[in-house]
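Only one structure is covered here, and it is reproduced in the block below.
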Amino acid sequence: MKRVLAVFLTCVFVLGLLPLPTFALETDSGGLCPHHTEHSYEVCGYIESVEGQPCGHVHNGDCGFAEAAEEIPCDMGCAEAGEDGQTVHDEGCAYTPAAEGAPCLHEHDGECGYVPADPGQPCGYDCRICPVQEMLDALPDAEDVTAGNRAGAEAQLAAIDGARAELTDEEAGELDISRYQAVVSALAALDEQAGAEVPVAAAAEQFPALTPGETYWFDLSGADIPGTVNSAVPDATLHWVPFTYAGTINAYKLTSSQATTQEYAENSQYDHSLFIADYNVTNTVSWNDLNNKDMIFGTAYASGGVDYTMRAPSAGSGFTGSGNS
């Protein structure tokens, strides 16, 4: 009989108050894109091209224009000379002297309609986010990840990690990493899928498909973790928080504030995957604040179709200084 496995990874989020970071993982747009939706000369240098309009001025007596004309020779053989010695042409003669002409002195104004053509300047915005988002969008669907193609999926994830590292925190916060998280969860679940027909303990949370020592990224931006974000965390928006997979451990967990007995410890041990935050996620936070958010004994967190339980490592509410930040 098939059993539906409730898969929980306990994620212990390392917070500044607490000691050692241990936690159990339970079309061409002309330069426009979702991250640059509007041209601005100040931002991208874009200047719109202008087709231009011709001048509509008509020459008149005010502009001084006179058209030049070539001499038209005499066609009647006129020979009579005037007092100045110049030939006097008879009436009807075609002779016309040459005219030098004069330029138009009109200056373009609002009435003539003239608009100079301007080639403009193309958008110079170079989006750093879109190429990384395209890599994320190119990841396979989680249901298509198999043991046969996992190497390719892992290579894609590694390439994305490298590209993500080149972005600023603000830029990384614009990424949609839902497919990334789904593929990571699919890789982790490969061995679980293979053994789905085999009855196992309900508390089993092992993901042997993960590689111990490798880094896995979690989006904690919506986790509402108390305290001030640690300035050392690579992404201050908490969209990308690195955790190192430490492998599968056999240990017990507390679900409430209680004294631990040897009997309880022995009877409550179970195998589960352990992830350790690479950095203290937040600081300036008290044990009570964490406990009020259920982060001492476990709070639910879902990512990529997998349920996690987040926990902060604690020395106990009676530990010296535990009520202080």
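The single condition from (1) at pLDDT 80 or above; (2) assigned to a loop (DSSP other than H, G, I, E, B) that TRP217 fails is (2). Considering (1) loosely packed, with under 10 Cβ neighbours inside 10 Å; (2) assigned to a loop (DSSP other than H, G, I, E, B), say which one CYS74 fails and leave the rest. CYS74 satisfies every listed condition except (1). Among residues of the stretch 121-133 being of a type outside the set (Val, Ile, Thr) and at pLDDT 85 or above, the one that is surrounded by the most Cβ atoms within 10 Å (Cβ to Cβ) is GLN133.
The values are calculated or read from the model by the stated rules, or taken from the named source; none is laboratory data. The shown structure was predicted, so the numbers you read here are calculated from the model rather than taken from an experiment. Note that each Cβ is placed from the backbone with ideal geometry, even for glycine, and that neighbours are counted across all protein chains shown.
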